[in-house]
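Scroll down for the structure; my scribbles are underneath it.
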Amino acid sequence: MTKSSLKRLIPSTLIGLLAVTLSIGTATADSVNLTPDHFPIDPTDMDRSLQSPVTSYAEPLERVQESVVAVYTLKKVSGRRSIDPREEMLRRFFGVPLDPNSPGTQEEEQTLPAGQGSGVIISTDGYILTNNHVISDRSGKTVDEVWVTLNDGEEYQAEIIGHDERTDVAVIKIDVENLPAAVLADSDNLKIGDVVFAIGNPMGVGKTITMGIVSATGRDLGILGNQGYESFIQTDAAINMGNSGGALVDAWGRLVGINTAIISRSGGNIGIGFAVPIKMARSIAISLVTTGEVRRGLLGISPGRIDSALAESFGLPTTEGAIVNQVTEDLPASKAGVEVGDIILQINGQRIKDADHLRLVVAGYQPGTEVELSILRDGEAMTLTVTLADFDDPYGTGISGVSEILPGVDAEVLTGEIRNEFGIPDNLTGVLVSNVRNDSPHSRVLARGVVILRVNGQDVTSVNDVRSALKPGINRLYVFHRGNFGFIAVRLQ
């Protein structure tokens, strides 16, 4: 199966030939000051020398399984019921519809199970890592209640500290002290063939441990969408529904990943499971705990992969690095002097493997961070200093790069990456329609991929420009879509 066909098949729940459990949501948190002791990483690499046969992993797993918890979620549902017991009986058992306007009915709110999953305690004071989709309902909205069951059977209601749909990572917290926290390893040290264990609460049967190896690292499947950040650990350790948010641990019992998704023809394990590397999850957790959100750096380029033929044409000894295909004006790379055709080899001394790796590395820095790019230009090595912009507010307007401009219509500013994805010419300036909900009153005239160039005769280059130019009543939009220019009219109440 190709990567493009994989993207078409992956849903947010188990559908067709492929089973992947994911959804989205938002959350906020109060500012929290973390000490250096929070979420520490053990940097020691494992001893991989062949020794006498291992007969049991009971000792290291005994310690870490205390840190893995079951997570249950609840959602409040409102409805109406008849206060006449006879009418209510007819509705419940015979399907007779209830008249919502009848004076004999009243509003009723029920709390129903929304889902179940797993989590991992990462600090003794109650912070727990899990998946964003574990604490979201099927529509992607945050659930109303989250409950955690510890290894000793005690249950506690958890607070949602924050969650990030772009990595499918979430942090929740229970108000309990002296908890058994997992030891975090450096997931960058993982090698294909390393023994790993998946620990979680599959199918709600209770704490379960399965064994396998690391099948691959750095997997980018596209299951988190175009704006997702993926570098999954792939494993054949059995992962099933309910394992989401649970622990992937190494042979020393240290946490190396958070189990997130599976590929399956049946909905059950077939040996293709994926986990978010703990180094990435830890970085997200720190941002969520301290600020309640995740801010990511932005270069302002469209990077491309270097194949063997391209490497030969540029006189490169390897295919490592990322080639700059486009540079967006007035963004950091452009201001620093980056040019089309530059080969980015390192950022702050970190070697860049390919275009996807470049995107992950840049996103790992906070906006405003000054970084050094090591590049090759026409065979000459150069170093450029770049101050990164904010991925969600590239031009510093104070308005998020992705924002609602009309009811049910989201838009974002044009970047090199977006231009490359949608085939938008470099000489066009405008705002891209990134999403149109089905229930939007504008869904018949606007669609994802439309570029708004002018609103009521005014040029627009940011979400803020569009909002400022719109007015109550009828509005005239000049747009570009699939190679064509034209005018459309939208009415704003």
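Residues that are in a strand (DSSP E or B) and of a type in the set (A, V, I, L, M, F, W, C) within segment 146-158 comprise Val146, Trp147, Val148, Ala158, listed in sequence order.
Selection over segment 442-478 of residues that are more than 30 Å from the chain's Cα centre (by Cα) and not in a loop (DSSP other than H, G, I, E, B) gives a count of 12. A count restricted to segment 338-359 and to residues that are touching a strand residue (DSSP E or B) at 6+ places or on another chain (Cβ under 6 Å) and of a type outside the set (Asp, Glu) stands at 11. Filter segment 416-445 for residues that are without any contact (Cβ under 8 Å) to a residue 60 or more places away in the chain and among the charged types (D, E, K, R); which is nearest to Phe485 (Cα to Cα)? Here the answer is Arg444.
Do we find that Ile213 is out of contact with any His (no Cβ under 8 Å at 6 or more places or on another chain), surrounded by fewer than 17 Cβ atoms within 10 Å (Cβ to Cβ) and β-branched (Val, Ile, Thr) in this structure? It is true that Ile213 is out of contact with any His (no Cβ under 8 Å at 6 or more places or on another chain), surrounded by fewer than 17 Cβ atoms within 10 Å (Cβ to Cβ) and β-branched (Val, Ile, Thr).
Summed over segment 244-259, residues that are in contact (Cβ under 8 Å) with a residue 60 or more places away in the chain and either on the phi > 0 side of the Ramachandran plot or open to solvent by less than 10 Å² (accessible area, probe 1.4 Å) (or both) total 11. Ile323 falls short on exactly one of the conditions (1) at pLDDT 95 or above; (2) among the aliphatic types (A, V, I, L, M); (3) within 30 Å of Lys173 (Cα to Cα), and that condition is (3). So for segment 286-300 (the condition being in a strand (DSSP E or B) and touching a residue at least 12 places away in the same chain (Cβ under 8 Å)), does at least one residue qualify? The answer is yes; a qualifying residue exists. Taking segment 149-164 as the region of interest, how many residues are small (Gly, Ala, Ser) and either in contact with a strand residue (DSSP E or B) (Cβ under 6 Å, 6 or more places away or on another chain) or surrounded by 13 or more Cβ atoms within 10 Å (Cβ to Cβ) (or both)? Residues flagged as small (Gly, Ala, Ser) and either in contact with a strand residue (DSSP E or B) (Cβ under 6 Å, 6 or more places away or on another chain) or surrounded by 13 or more Cβ atoms within 10 Å (Cβ to Cβ) (or both) within segment 149-164 amount to 2. Every residue in segment 305-314 that is in contact (Cβ under 8 Å) with a residue 24 or more places away in the chain and either assigned to a helix (DSSP H, G or I) or surrounded by fewer than 17 Cβ atoms within 10 Å (Cβ to Cβ) (or both), please. Hits for segment 305-314 are Arg305, Phe314.
Results for (1) of a type in the set (A, V, I, L, M); (2) within 22 Å of Ile323 (Cα to Cα); (3) touching a helix residue (DSSP H, G or I) at 6+ places or on another chain (Cβ under 7 Å), shown as yes or no for each residue.
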position: Arg377; (1), (2), (3): no, yes, no
position: Gly430; (1), (2), (3): no, no, no
position: Ala447; (1), (2), (3): yes, no, no
position: Asp465; (1), (2), (3): no, no, no
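When Gln350, Gln366, Gln326 are screened for being open to solvent by 60 Å² or more (accessible area, probe 1.4 Å), of a type in the set (S, T, N, Q) and in contact with a helix residue (DSSP H, G or I) (Cβ under 7 Å, 6 or more places away or on another chain), only Gln350 passes. Residues in segment 173-190 that are closer than 23 Å to Asn132 by Cα and open to solvent by 30 Å² or more (accessible area, probe 1.4 Å): Lys173, Asp175, Pro180, Ala181, Val183, Asp186, Asp188.
Screening segment 430-439 for residues that are under 24 Å from Ser468 (Cβ atoms) and either of a type outside the set (Val, Ile, Thr) or part of a helix (DSSP H, G or I) (or both) and picking the one that is modelled with the lowest pLDDT gives Arg437.
A count restricted to segment 409-429 and to residues that are within 21 Å of the chain's Cα centre (by Cα), closer than 28 Å to Arg491 by Cα and assigned to a helix (DSSP H, G or I) stands at 1.
Report whether or not Gly193 is open to solvent by 10 Å² or more (accessible area, probe 1.4 Å), of a type in the set (Gly, Ala, Ser) and without any contact (Cβ under 8 Å) to a residue 24 or more places away in the chain. For Gly193, the condition - open to solvent by 10 Å² or more (accessible area, probe 1.4 Å), of a type in the set (Gly, Ala, Ser) and without any contact (Cβ under 8 Å) to a residue 24 or more places away in the chain - is met. Filtering Val338, Val386 for residues that are farther than 30 Å from Arg454 by Cα and of a type in the set (Val, Ile, Thr) leaves a single hit, Val386.
Do any strands (runs of 3 or more DSSP E) entirely within segment 43-145 hold 1 or more residues that are modelled with pLDDT under 60 and hydroxyl-bearing (Ser, Thr, Tyr), and if so, which?
Here the list reads 68-82, 105-121.
One residue alone among Ser334, Ser302 is open to solvent by less than 60 Å² (accessible area, probe 1.4 Å) and closer than 17 Å to Tyr229 by Cα, and that residue is Ser302. Among the residues making up segment 107-146, those that are of a type in the set (Ser, Thr, Tyr) and more than 17 Å from the chain's Cα centre (by Cα) are Thr111, Ser118, Ser123, Thr124, Tyr127.
The values are calculated or read from the model by the stated rules, or taken from the named source; none is laboratory data. Just so it is clear, the structure is predicted and the values come from calculations on it, not from any experiment. Cβ atoms come from the backbone with ideal geometry, glycine included; neighbour counts cover every protein chain shown. To get the accessible areas, we keep the full protein, side chains included, count just its heavy atoms, and leave off ligands, DNA and RNA. Shrake-Rupley method; radii C 1.70, N 1.55, O 1.52, S 1.80 Å.
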